[in-house]
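Q: Let me give you the structure first, and then I'll get to my questions.
The values are calculated or read from the model by the stated rules, or taken from the named source; none is laboratory data. Here the structure is a predicted model, which means the values were calculated and not measured. Cβ: placed from backbone, ideal geometry, glycine included. Neighbour counts: every protein chain shown. Remember, those area values only see protein heavy atoms, side chains included, never the ligands or the DNA or RNA. Shrake-Rupley method; radii C 1.70, N 1.55, O 1.52, S 1.80 Å.
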Amino acid sequence: MKSVFIAFLLCLFLGHVCFAQIEIKAEVDKLKLDINEELIYKLIISSSGQALPQPKFPEFKGFAVISQANTSNIVIKGNSPKIGVIYVFIMVPKESGLFTIEPAELKKKDVTYK
């Protein structure tokens, strides 16, 4: 009986690890800005129970990156660790115009997240 219970717990734990989820979200603080105004771009990545690889950042065409930073945290609630990383880029436009920031990418095994 004890071995059946241990096997059940092992399957439950492995099932949780196998179905761990990665979320990736990008946001900017404004959609219109003047030529000398700063734009703050944040890339927010979270995972339940998985280490996070380094993402591939967009090229930020039309912008000059003047500062960048990142922060990370781990929250353990019950037996479910949640890992989070936030990358922040502060940039200014190089010229007037309409610009599109392409999506960032994160590859984990054979899955690409954008």
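Q: Any idea which residue in the range 55-84 is farthest from the chain's Cα centre (by Cα), counting only those that are over 16 Å from residue 40 (Cα atoms), of a type outside the set (S, T, N, Q) and open to solvent by less than 70 Å² (accessible area, probe 1.4 Å)?
A: Here the residue is 78.
Q: Contact list please: Cβ distance under 7 Å, first residue in the range 31-43 and under 12 Å from residue 67 (Cα atoms), second residue β-branched (Val, Ile, Thr) and part of a loop (DSSP other than H, G, I, E, B), pairs at least six apart or on different chains.
A: 41/101
Q: Exactly one condition in (1) loosely packed, with under 10 Cβ neighbours inside 10 Å; (2) free of Cβ contacts under 8 Å to residues at least 60 places away in the same chain is not met by residue 105; state its number.
A: (1)
Q: Would you list the strands (runs of 3 or more DSSP E) that sit entirely within the range 63-114 and hold 1 or more residues that are within 15 Å of residue 37 (Cβ to Cβ)?
A: Passing ranges, in order: 63-77, 80-93.
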